[in-house]
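A.B. asks: Okay, here's the structure, questions in a sec.
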Amino acid sequence: MKRKWHHPEAPSTGRQYWRSLGELEDSPEFTEWLQREFPRGAAELSNPDADAEDGGVSRRNFIKLMGASTALAGFGMSGCRRPERYLVPYKEHVEWVVPGKPLLFASAKPRVGGRGCDPLVVTTYEGRPVKVDGNRMHPMMVGGSDAWTQASILDLYDPDRSRGYLKSGDVTTAADFEAGFLKGFREGKGEKAALVIGETVSPTRSRLLDELKKKLPGLKVFRYEALAPNGMRAAERALYGEGVAQVPRLDKAQKILSLDCDFLGLDKIGEDSPAEFTRGRRVDDDSHEMNRLYVVEPAFTATGGMADHRLRLAASQIPAIAILLAEQVAEAAGDAGLAAALKPLVAKVESSVMNVAWIAEAAKDLAAAKGKAAVVAGSRHSKEVHLLVAAMNAALNATGAGDVPVPAFKTGDAELPGLVELAKAAEEGSVDTIIFSTDADPYFDAPSDLYLQDLLSSDGITVVHHGVRVNATAQAATWHVPSAHYLESWGDLTSATGVYSIVQPMILPLYDGLSDVDLVLALTNAPAEKKEEPVAGAEEAPSASMLAVRATFDQLAGKSDAEADAAWNATLRDGYLTGSSFDRAAAPAAVAPVDIANVELADLPYPEALEVVLATSSSLYDGRFANNGWMQEVPNPISKLTWDNAALMNFATAEALGLKDEDLIEISVGEGADARKVTAPVLRSPGQADFTIQLDLGYYGADKDKHGELINEVGLVGSGVGFNAYPLKTTAAPYVVVGAKVSKPVGEYKLALTAEHYSMEGRAIAREGTVDMLKADENFAEFQGMDAHIPPDDSLYKGPNYENPTEQETDPKPGFPMHHPFRVDPNHQWAMTVDLHSCIGCNACTIACQAENNIPIVGKGEVMRGREMHWIRMDRYFSTPEFAAETVSEFDKGTDGEEPGRRKIDDDAVEMITQPVACQQCEAAPCETVCPVNATVHTGDGLNAMTYNRCIGTRYCANNCPYKARRFNYFDYNKRQIGYGNLRWGPLKSPTGHATTSEKLQKNPNVTVRMRGVIEKCTYCVQRISSAKIAAKVKAKDSPDIQVGTDAIKVACQQACPTEAIVFGNLKRTDDKVNVMKASGRNYDLLRYIGTLPRTSYLARIKNPNPAMPGSDFVGKATSVMH
Amino acid sequence: MGNIFPKWLNWLPLQIVVGVGIIGALVSLAVAYTFTPKYTRVGYMPTQPIPFDHSIHAGQLGMDCRYCHSFVDESPHSNIPAAQVCWNCHGPGKVASDSPSLEPLRAAMDTNYEGYTGEPIKWVQVHETPDYAYFNHSAHVNRGVSCVECHGKVNEMEVVHHEKSLSMSFCLDCHRAPEKALRPIDQVTNLDFTVADVDEKEFYAYLEKKTEKSVDELKQLSHDWKLDWGQELMGMHLKEAWDVHPPQDCTTCHR
C-alpha cells in the first residue's frame, strides 16, 4: 500500500543548508550528481594526470580488453596442482606473542602541529604494527587521536621511505658515512658545526645534546620547523621568561574567544583541546548549561564551524581587532590601567571598518564570566597579538595560580636560534657543517628570502640531512642519513603539561634508520667495536638508545635501584610515568605598553592588494605527509578538496576579480625582480573574509625544471600533487602575506571535490537548535523536517521484532528440512550514536576506519569520478539565512543579474556543521531486498552484513541505499598503483603498487582485502564485534553467561574520535552508554520517514548564542524550519 | 519436389534437447562432486619435513593436543609449535636425538650440528580455510567442540591427512545442529571420547548444578525431545545449559 504524503509548504524564513555552491545555485551539474550514483559518462572521463595514450577507456576498448583477457586465461592452466603452502612457526617462542592475537603496546609520538606528544597504544600482530590509537589511560588525555596520528602508521610502510644512506644523491653505506663524516666531525670538536632540530622536545635528546655540547664546545644548536609558533613563543618569553609554556585548559572556561586559533583542528595549543572544549559543552544535564565560543578568523576552520558567534576578518586585521577587543575587555572587566595603556593604540586603529557592536558585546560577555573566560590566539600570529591576548587573559583572571583556564608550565625548554640566524652564520662563514635533524624540509619550506638553497650549496659547506623521507633537502644535501620511524625507535617525550612518556620500538628498523637519539649518540661516541656473531639463544645486549632513555628515566623518576626496574616496566606498560608533570610557572608579568607599541597594523585588503593566508594543510601539515596516500585523499574538512590545494576565496571576491572555480591564476607579491609568484586554481569557499585568499602549504607541486623534470620528487603518491605555496613565504611575513595581486585566468585546472558526491538534498539531515529551543522542548530535534508529518506505516511486512523478539524469533525451530529460520540474538543488538554537538569534522574517524578496514586509496582521477572508497563520509553543510536584501554583503550588491532568482550567500552569517555518515545498519535495509545473490543480509545481532566473497557486483544495493553509504571497487585498488594507466589494465598486467610493496604489511589481518567488482561498506567493525563475542564465550566456557560486557567494544571510529562524539554499544545491555545517548531528547534518525529503522542515530547540535550579539537571531536555526 | 530431409530428422531437435540435457546433467554432477572440498581436499596427505607421528605422541604416549598446540584455546589459530617445543624432548642426549628424521630440527636448533642454519622448520599446511573465512579455534574448544569433529582421529594418524571436507556446508551442518558435536569441556581434547564414557547420573547431577533445574525437570525435557540417552540427548542438554546458539549469520565467518 502506498503511503500518502501531505507535504506542507515551507515557511519562508530562517536558514537553509547546503553542502556545495553547486547545490545552493541548483546548477545543472549538481542536479545530475543527485540523480546518478556516479557521474554521467564516468567511464569515459579522460584522466587528467595520465598520458594521452592512457587517457580514458571507452566501452568498446574495454570489451576488446576483456576479450583478450579471456583468451589469455586459457594459457594459464599450468598450475593445476595444489600449491604447497607452508606454516612456519617461530624457532623459539617469543614472549607475550600469541599467534593470531593482537598485542598492544603503549608508546608515544611527537605531536604534529602542536606542543607535547600524542600518547599511543599500538596494535601489533606477530611483531607487525598495524594500527595506532590514543592512550585512554593517560591522565591528561581522553585518548582520541587526530587524522595525522592515524595516518602515521602508513608512513612506516611507505615504499618511498628513505632506505639507506646517500652521498650527494648516490647510494652509500653507514660505514662510509662513519668514515667520511662522523669520524672527522667528532675529532673537529664541533667547530663551525650546527645541528638543526625540530619542535619535538625529547628529554633524552636534550640531555644527550647537553653532553654533546660539553664534548664539542663549538657546536651550535638551532631549531627549525616550517610552521613553528614563533610569535607565541616570543610572547611567552616576554611574559614568563625562558622555558615556560602556556597550555590552555578549555574545560575550565565557560566563555572562549579565539582570535584565528584553530584549537579544535590544526593549531594544537593545549594538551587535549578538542576533548576539553567538548567537555565544557555537554548540554544533556537538566540545567542545559554549556560554554560559548566566539571565533574571529579569515576562513572557515573546524573551530569556526563550532563557533556560536563567528566573525570573518582578514588575518592581517587580527592585531587591530585584538587591540579593540583588549580595550573593551579591559573596560568591561574594570582594568583601568590596561584600558589607559591601550588608548594610543586604539587611536591608530581604523575602527569604522570593524564590526564594533560584535566586539563590544563579545567583550562584555567575556568580562561577565571573569575567571571562567579565556582568549586564545593562533600560533601563527605575532608576539604583539599574543601579548594583547595575555593582557586580556590577565584582565579576565584567566592566568596565574589556581584552577585557571590558561595556566603556564615550566618546560625548561631552552630557547634556540632559528633558521634566520643559521643563514646568517652560514653567510658569515661561522658555520660550515650543518646537520638537519628535523621533520621539516628546509630546502623546500624555508622562507624564500633566505635563499637557503643557494647559500647551502656554496662551496665549503657540508650539509647532512637526517630524515624519514628523501625530500628536497635530502636530495640536495651532501649526506643523507635515513631516520627511523617513531615505531622503530627508542625515545621519550613529554606532553604539553609535562607527563613523561616513553617511545618504544614495535619493530626493528625496516631500513636501518637512526632515531633522533641514535643520531646524537653517533655524533658523540665512536661506534662500539663489532663483537663476534651473537650466540644463538643468548640474550642480545640492549641498544644504546634504550640505555640512554633508561638513564634519563632513572634521573626523572628518582627511584631507588630496587624500585627503578618496576617503575620502568610500569611506565612502559601504562605509557606514562605516574605523577610526572611540569611545575606551574609564576603569574605572568604585566604586559608592558612598550612591548605592544609597535604592533603591525595593515589596511583592509582590496582587489589590488589582496591578502594571502598561507595556511597549515589539514592533510599534509607542512608537507611531511605529502607521500601519505590516506592524507592526500581524505577530503579537506572545510573545502572537501582532495589531492590538491587551491586558492580559496569567497563568492564576492571571486566575482569582483572575475574568477570562477577551477580557474588557474597567478598570485604575485612584490614588483620586478623581487616578485614572488605562485600558481593555483580558484575555489570559492563561503564565510571567508573579503579579498582574502587562503592557500594551504605543504603541497610539493608540479613545477618542472628546464629539462622537464619535476623539481620536487617526493614519491609515487605525492610527486606533482597540488601547488607549492612556499615561495610566497618570507621571514617577515611567514603566514599572512599582504599586497598580493592575482592575474586573469591563465588556464583551467580540474579539482577533485567530494562536496557533491553522495549528496542527500535539502532534507533535515544534520539538525541543530539552540539552548533556548532545548530548554523549551527537549525533543525538538526529533520532529524537524519531514519527521514532523510522517504518515502511519501501514506496510504489511514488519520484519523481525529486534526490541522484544518473540519466542519463535529467539529460539526458532526449523520448519521444512531446508528452512533455517532467522534468529534474533537476545543478548546483543548493536547500535551507534553520533553526537553532532561534539563532532568537529576532523577526519580522524575516516582515517581510523581506513586503517582498520583495509580501505584503499583510489587516486585523484577516480575521486573525480565519484569513486572514493572512504566508508565514513564526512559531510559538511554550510547554512545561511535565506536571501534578505539587507543582509547581503557589500560586494554582492549590484553584481547580481546574470542569473535571475539566484540566491545569495551572506558570508557574515554562514554557519557550518559536520556530520559523519557511514552505513546506518537499517533494520529494514533497502539494500538487502535488492541483492540478487544474498551477499548483503541481516544478522541476528542487528548488523547489515556484507559478504564480500558472495558479491557479484551488480551495484543494485548501492543504487537502493538512501544514505549512499556503499562503495564499489571499480578496480583492484589494493593490488595496483593508483593512476588510471595502472588501474585499467586489470588482470592483464601483473600486480604493481601497494600489494607488492611494504604497504601490505599494514593491512589488518582480521578484515578481508577486497578485490575489484565488490561492494563494500561499514560493518560496525564486525571483526571487533566477533572477537569480543568470542572472548565472552571463551570466558563463559560451560556457563550460559555469553553476553559481551558493558562498553567492551570500541569500534575504530569511536576509538579515534577526539571528542567522544561517536558511541557504540549494545541495546540489550541497559548500562551501555549508547542507551543513554539514544534516550536523549536530541536523538533522531536520518530519513526516519522512509521507514528504514536505522541503528545509527544522530544527536542534534546545540548552539548557545548570546542574544545581545548582532545576528544572533539566525544562529542555530537552519533546520528548525525545515519541513 | 521430393523431400530433401529424411523423415527421422523430425526427431533430431528432440534428440538434441535430450542429449544436451543428459550431458548437462552429467557435467553438473561431475562439477558438483569434483569441484568441492569433499573431493579436492579430503585425503590430502603431504610429506612433512619431519615425519612427525601423531599416533605415537598423541596416541601411544597420550600427550594432550595442547602440549604442542598451546594457544588453541586462546587464539583464533591453533599454533604449530615452535622448534623449541620439539627440542625440549628431542634435544641432545634426549629422546631419539640422533635420528636422521630429526635433521631439520637439528638444523634449526643445534648450534653444534654441522648443518645448522637457524632456520625454523617449514611445515606443510594440511588444513586451510580460504582468506575470506575467519575460523576461530578458541570459540570452539572452549565451548565443548572437540578437535576430532573437524580434524578426525589425529591420535591414530601416522601421517596427518585431511579427514573432513571443511566445506561451508560442513561448518553449517554443525552450526545448525550443534548437539551432534557438543561434549563436556574436559573431554574436548580426548579424541577417543564417546557418549558411553559419560555416566548418565553424574551428567544429570552436573546439569542440576549448572541450570538450577531439578533432575526431574531435566528428565522431562529429555522426554519432550523424544530422545534416548546418547550423544544427541547429551548435546541437547549441554546446548540448553550453556546457551549454545552457534550463529549462522554471514558475519560469523566472513568479514
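All of the numbers you see were taken from the coordinates with simple rules; none came from a lab. Computed from a predicted model, the values in this text were never measured in an experiment. Ideal geometry is used to build each Cβ from the backbone, glycine not excepted, and the neighbour counts take in all protein chains shown.
A.B. asks: Between residue B:156 and residue A:600, what is the label-point separation in nm under the 7 Å Cα-to-beta-carbon projection?
C.D. replies: 8.9
A.B. asks: Shifting gears a bit: Would the range A:389-539 count as rounded, prolate or oblate if I go by the C-alpha gyration tensor, calling it rounded below 1.5 in a/c and otherwise prolate when a/b exceeds b/c, oblate otherwise?
C.D. replies: oblate
A.B. asks: Over chain A, what number does the Rg to Rh ratio reach, with both radii from the alpha-carbon atoms and Rh per Kirkwood?
C.D. replies: With Rh from the inverse mean 1/r over Cα pairs, Rg/Rh is 0.95.
A.B. asks: Please list B:19-31, A:565-577, A:846-858 highest first by mean number of surrounding beta-carbon atoms within 10 Å per residue.
C.D. replies: Taking the mean over residues of other Cβ atoms within 10 Å, the ranking is A:846-858, A:565-577, B:19-31.
A.B. asks: Excluding residue A:89 itself, what net charge comes from residues whose Cβ is under 13 Å from its Cβ, given Lys and Arg +1 and Asp and Glu -1?
C.D. replies: Its environment carries a net charge of -1.
A.B. asks: Quick one: length gained pulling residue A:730 to residue A:210 fully straight, 0.36 nm per residue minus the C-alpha distance?
C.D. replies: Stretched out fully, the residue A:730 to residue A:210 stretch lengthens by 184.0 nm.
A.B. asks: Would you mind calculating the relative contact order of chain A from Cα pairs under 8 angstrom and at least 6 residues apart, reporting the percent as a whole number?
C.D. replies: With pairs under 8 Å counted, the relative contact order is 16 percent.
A.B. asks: Average partner chain C-beta neighbours within 10 Å, per residue of A:1013-1022?
C.D. replies: The shielding value for this peptide is 1.
A.B. asks: Could you let me know the centre-to-centre spacing of the range B:9-40 and the range B:133-154, using Cα atoms, in angstrom?
C.D. replies: Between the Cα centres of the range B:9-40 and the range B:133-154 lies a distance of 38 Å.
A.B. asks: If you don't mind, another one. Under 23 Å Cα to Cα from residue A:1037, which lysines show up? Leave out anything in the same chain fewer than 8 places away.
C.D. replies: Output for residue A:1037: A:101, A:1029, A:1068, B:180, B:201, B:209, B:210, B:213, B:239.
A.B. asks: In cubic angstrom, how much convex hull volume per residue do the alpha carbon atoms of the range A:76-209 span?
C.D. replies: Here the figure is 271 Å³ per residue.
A.B. asks: Would you mind checking the pairs A:370/A:1073; A:704/A:729; A:729/A:750 and listing those with alpha carbons more than 31 angstrom apart?
C.D. replies: A:370/A:1073
A.B. asks: Find out how many positive minus negative residues lie around residue A:951, taking Lys and Arg as positive, Asp and Glu as negative, among other residues whose Cβ is under 10 Å from that of residue A:951.
C.D. replies: Charge balance near residue A:951 sits at +2.
A.B. asks: In addition: Take the cross-link list A:109/A:1078; A:109/A:183; A:109/A:975; A:640/A:1003 and give me the ones stretching past 28 Å between alpha-carbons.
C.D. replies: From A:109/A:1078; A:109/A:183; A:109/A:975; A:640/A:1003, over 28 Å: A:109/A:1078; A:109/A:183; A:109/A:975.
A.B. asks: Same structure again: Evaluate Rg over Rh across the range A:694-847, taking Cα atoms for both radii and Kirkwood's formula for Rh.
C.D. replies: A ratio of 1.19.
A.B. asks: How big is the range A:1063-1123 on each of its three principal axes, counting only the C-alpha atoms and giving the largest first in Å?
C.D. replies: Each principal axis gives a Cα extent; for the range A:1063-1123 these are 47, 28, 14 Å.
A.B. asks: Just add up the charged neighbours of residue B:115: K/R +1, D/E -1, any other residue whose Cβ is under 10 Å from the Cβ of residue B:115.
C.D. replies: Spelling it out: positives minus negatives among the neighbours equals -2.
A.B. asks: Sorting check: for A:481-490, A:85-94, which peptide has the highest mean count of neighbouring beta carbons within 10 Å, and how do the rest follow?
C.D. replies: My ranking of the peptides, most packed first, is A:481-490, A:85-94.
A.B. asks: Here is a follow-up. Between residue B:161 and residues 5 or more places away or on another chain, which pairs have amide H atoms under 5 Å apart, with H built 1.01 Å from N, and which residues are they?
C.D. replies: none
A.B. asks: Mind running the shape call on the range A:258-416? Use the C-alpha gyration tensor, a ≥ b ≥ c as the square roots of the eigenvalues: rounded below 1.5 for a/c, prolate if a/b tops b/c, oblate otherwise.
C.D. replies: Rounded shape, in that the Cα axes give a/c under 1.5.
A.B. asks: Can you give the extra length, in nm with one decimal, that the chain gains between residue A:94 and residue A:401 once fully stretched, where that is 0.36 nm per residue apart less the Cα-Cα distance?
C.D. replies: Full-extension gain reported as 105.5 nm.
A.B. asks: Roughly how tilted is helix B:12-34, in degrees to the nearest 10 and between 0 and 90, from the longest Cα axis of chain B?
C.D. replies: Once rounded, one gets 0 degrees.
A.B. asks: Based on alpha-carbon centroids, what's the gap between the range A:1077-1113 and the range A:344-392 in Å, whole number please?
C.D. replies: Centre-to-centre distance over Cα atoms comes out at 32 Å.
A.B. asks: Got a sec to turn the phi values of the range B:93-102 into Karplus ³J(HN,Hα) couplings, 6.51 cos²θ - 1.76 cosθ + 1.60 with θ = phi - 60°, whole Hz, x for Gly and Pro?
C.D. replies: With coefficients 6.51, -1.76 and 1.60, one gets x, 9, 4, 6, 5, 9, 4, x, 5, 8 Hz.
A.B. asks: Here's something else I'd like to know. Label points 7 Å out from Cα along the Cβ direction at residue B:99 and residue A:674: separation in nm?
C.D. replies: 8.8
A.B. asks: Output the relative contact order of the range A:104-223, whole-number percent, from Cα pairs under 8 angstrom with separation of 6+ residues.
C.D. replies: Relative contact order comes out at 16 percent.
A.B. asks: Against the longest alpha carbon principal axis of chain B, how many degrees, from 0 to 90 and to the nearest 10, is the axis of helix B:200-211 turned?
C.D. replies: Helix B:200-211 and the main axis of chain B meet at about 90 degrees.
A.B. asks: Starting from the 7 Å offset along Cα-to-Cβ, what nm value, one decimal, do you get for the label separation of residue A:174 and residue A:285?
C.D. replies: 5.6
A.B. asks: Quick check: from the Cα gyration tensor, does chain B come out rounded (a/c under 1.5), prolate or oblate?
C.D. replies: Note, shape of chain B comes out oblate.
A.B. asks: Over the range A:153-305, what is the relative contact order in whole percent, taking alpha-carbon pairs under 8 Å and six or more residues apart?
C.D. replies: Value for the range A:153-305: 15 percent.
A.B. asks: Taking the square root of 5 times each eigenvalue of the Cα gyration tensor, what semi-axes in Å does the equivalent ellipsoid of the range A:978-1123 have, largest first?
C.D. replies: Whole-Å semi-axes of the equivalent ellipsoid: 38, 29, 15.
A.B. asks: Per residue, what volume in Å³ does the Cα convex hull of the range B:1-153 take up?
C.D. replies: 229
A.B. asks: Between residue B:187 and residue B:53, what FRET efficiency comes out of the Förster formula 1/(1 + (r/R0)^6) with R0 = 22 Å and r the beta carbon distance, rounded to 0.05?
C.D. replies: FRET efficiency, residue B:53 to residue B:187: 0.40.
A.B. asks: Using each residue's phi in the range A:1012-1024, evaluate 6.51 cos²θ - 1.76 cosθ + 1.60 at θ = phi - 60° and report the 3J(HN,Hα) Karplus result to the nearest Hz, with x for Gly and Pro.
C.D. replies: 6, x, 10, 7, 9, 5, 4, 10, 6, 6, 4, 5, 6
A.B. asks: Provide Rg and Dmax in Å for the range A:168-237, with only Cα atoms included in the calculation.
C.D. replies: 15.4, 45
A.B. asks: Quick one: A:1102, A:711, fewest Cβ neighbours within 10 Å first, how do they rank?
C.D. replies: Neighbour counts put them in this order, fewest first: A:711, A:1102.
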